[in-house]
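The values are calculated or read from the model by the stated rules, or taken from the named source; none is laboratory data. The shown structure was predicted, so the numbers you read here are calculated from the model rather than taken from an experiment. Cβ sites come from the backbone with ideal geometry, for glycine too, and all protein chains shown count toward neighbours.
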Amino acid sequence: MKILVTGSAGHLGEAMMRTLQALGHDVIGLDILQSSLTTHPGSITDRAFVRHCMKGVTTVFHAATLHKPHVATHEEQQFVDTNITGTLTLLQEAVSAGVESFIFTSTTSVFGDALIPPDGQPAAWITEDVVPEPKNIYGVTKAAAEDLCQLYHRNHRLPCIVLRTSRFFPEEDDLPAAREAYGDANLKANEYLYRRVDIEDAVGAHLLAARRARDIGFGKYIISATTPFAVSDMALLRTDAPTVVGRLAPAYKDLYSRLDWKMAPGLDRVYVNERARLALGWQPKYDFGYVLGCLERGEDFRSPLARAVGVKGYHAATPMAHPTAQTA
């Protein structure tokens, strides 16, 4: 079995490459950026290059993308070129090459404005049934790429699985207000309640999706840490998260007090991974309970894989002729 990973210089792409190589797979790493795990440097918008890389491939993990931070540094057309045209090129060449499963890394950012309910409403319970309302070119192009995957399954019977991943990047939050209000580890620990996944769990979901793709045919799944909340918690969670968290995980109060950490006063959404757990057999390890256990023992709550990949930052702040293949 020969595997192609796009975005091999990015966070998830590198994690995929490390894991697949450790498992003994024959794997190609494609990225516009040179890296120790990029075996084939080049752009997913270059059809001849993609066709060459696709020879003999049975499984594609497509993680290459222009992502949210690039909204400030890249033109909208570059998002279209990479996230839509690049995905279309990969799908077309995958069909021609007889690829058996195509796994597309999407993002919970496709939900956009659906993530934040109006004032006075409960926190949003985000499942795959929520209709996306993209609010920037990143979300628009990722949603369009999802639709291309569905089209190629319907018209060409290419088994395609879309994984809408929540936050797994190790960089500081992109919102200044969040950085000012919380320490970085504190903020990420809180996010395991509702909007973060460890990269090791994200990789595990991708591997399971590849195994199940031919049986499923096409599916979209939210990939985020398992939340302790229920739908019945959403009203109070919007205005008083410490009370809800204190009821479900009472140990957090002493631990946070000891670290001089804070719980968010309220949460606006919760990502629900139930469908991925049922359909893929996915059992994410890294959740808020795991984080609390690590804090109690004085340990780093990041997985060994997350620590190995480390902080990458984001590539060139100025637009390039051929945008990045780094994952979001």
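Would you check which residues across the range 135-191 are of a type in the set (Asp, Glu) and touching a residue at least 12 places away in the same chain (Cβ under 8 Å) and list them? Before the answer, list the steps.
The first filter runs over the range 135-191 and keeps only residues of a type in the set (Asp, Glu), leaving 146-147, 171-174, 180, 184, 191.
Residues satisfying the conditions are GLU146, GLU171, GLU172, ASP173, ASP174, ASP184, GLU191.
Quick check on this structure: which one of SER8, SER43 is small (Gly, Ala, Ser), within 17 Å of LEU88 (Cβ to Cβ) and modelled with pLDDT of 95 or more? Steps first, answer last, please.
Working: SER8 fails: within 17 Å of LEU88 (Cβ to Cβ).
After ruling out the rest, the residue left standing is SER43.
For the range 58-113, what are the residues that are over 19 Å from the mean Cα position of the chain (by Cα), among the charged types (D, E, K, R) and in a helix (DSSP H, G or I)?
Listed by number, the residues that qualify are GLU76, ASP81, GLU93.
Could you please tell me which pairs satisfy a Cβ distance under 9 Å, a separation of 6+ or placement on different chains, a first residue in the range 192-210 that is more than 14 Å from THR59 (Cβ to Cβ) and without any contact (Cβ under 8 Å) to a residue 12 or more places away in the chain, and a second residue that is among the hydroxyl-bearing types (Ser, Thr, Tyr) and part of a loop (DSSP other than H, G, I, E, B)?
That search, which allows pairs on different chains as well, returns nothing.
Taking only the range 236-252 into account, find how many residues are touching a residue at least 24 places away in the same chain (Cβ under 8 Å), small (Gly, Ala, Ser) and surrounded by 14 or more Cβ atoms within 10 Å (Cβ to Cβ).
2
Say we look at the range 253-274 and pick out the residues that are hydroxyl-bearing (Ser, Thr, Tyr) and surrounded by 14 or more Cβ atoms within 10 Å (Cβ to Cβ); which of these is nearest to LEU292 (Cα to Cα)? Quick ask: steps written out before the conclusion?
Residues of the range 253-274 that are hydroxyl-bearing (Ser, Thr, Tyr), as a first pass: 256-257, 271.
Checking the rest, the ones that are also surrounded by 14 or more Cβ atoms within 10 Å (Cβ to Cβ) come to 256, 271.
Details: TYR256: 9, TYR271: 20 Å.
For the range 253-274, the residue satisfying everything is TYR256.
Somewhere in the range 169-178, is a residue modelled with pLDDT of 95 or more and of a type in the set (A, V, I, L, M)? Break it down stepwise before answering.
Filtering the range 169-178 down to residues modelled with pLDDT of 95 or more leaves none.
The answer is no; no qualifying residue exists.
Which is among the charged types (D, E, K, R), in contact (Cβ under 8 Å) with a residue 40 or more places away in the chain and within 30 Å of MET17 (Cα to Cα), of LYS312, LYS262? Before the answer, list the steps.
Working: LYS262 fails: within 30 Å of MET17 (Cα to Cα).
Among LYS312, LYS262, only LYS312 is among the charged types (D, E, K, R), in contact (Cβ under 8 Å) with a residue 40 or more places away in the chain and within 30 Å of MET17 (Cα to Cα).
How many residues, within the range 130-172, are among the polar types (S, T, N, Q), under 16 Å from SER224 (Cβ atoms) and in contact with a Phe, Trp or Tyr (Cβ under 7 Å, 6 or more places away or on another chain)?
Taking the range 130-172 and keeping what is among the polar types (S, T, N, Q), we get 136, 141, 150, 155, 165-166.
Narrowing further to those that are under 16 Å from SER224 (Cβ atoms): 165-166.
From the residues that got through so far, the ones that are in contact with a Phe, Trp or Tyr (Cβ under 7 Å, 6 or more places away or on another chain) too are 166.
Number satisfying all stated conditions: 1.
Out of the residues in the range 209-235 that are assigned to a strand (DSSP E or B) and among the aromatic types (Phe, Trp, Tyr), which is surrounded by the fewest Cβ atoms within 10 Å (Cβ to Cβ)? Break it down stepwise before answering.
Going through the range 209-235, the residues assigned to a strand (DSSP E or B) turn out to be 218-223.
This time we only want the ones that are among the aromatic types (Phe, Trp, Tyr), so: 218, 221.
Details: PHE218: 18, TYR221: 25.
Out of the qualifying residues, it is PHE218.
Looking at (1) at pLDDT 95 or above; (2) assigned to a loop (DSSP other than H, G, I, E, B); (3) more than 16 Å from GLU191 (Cα to Cα), can you tell me which one PRO284 breaks?
Unmet for PRO284, out of (1) at pLDDT 95 or above; (2) assigned to a loop (DSSP other than H, G, I, E, B); (3) more than 16 Å from GLU191 (Cα to Cα): (3).
Do you know which residues across the range 11-57 are free of Cβ contacts under 8 Å to residues at least 60 places away in the same chain, among the hydroxyl-bearing types (Ser, Thr, Tyr) and part of a helix (DSSP H, G or I)?
Matches in the range 11-57: none.
Which residues, taken from the range 93-124, are surrounded by fewer than 19 Cβ atoms within 10 Å (Cβ to Cβ), of a type outside the set (A, V, I, L, M) and in contact with a helix residue (DSSP H, G or I) (Cβ under 8 Å, 6 or more places away or on another chain)?
Result: SER96, GLU100, GLY112, PRO117, GLN121, PRO122.
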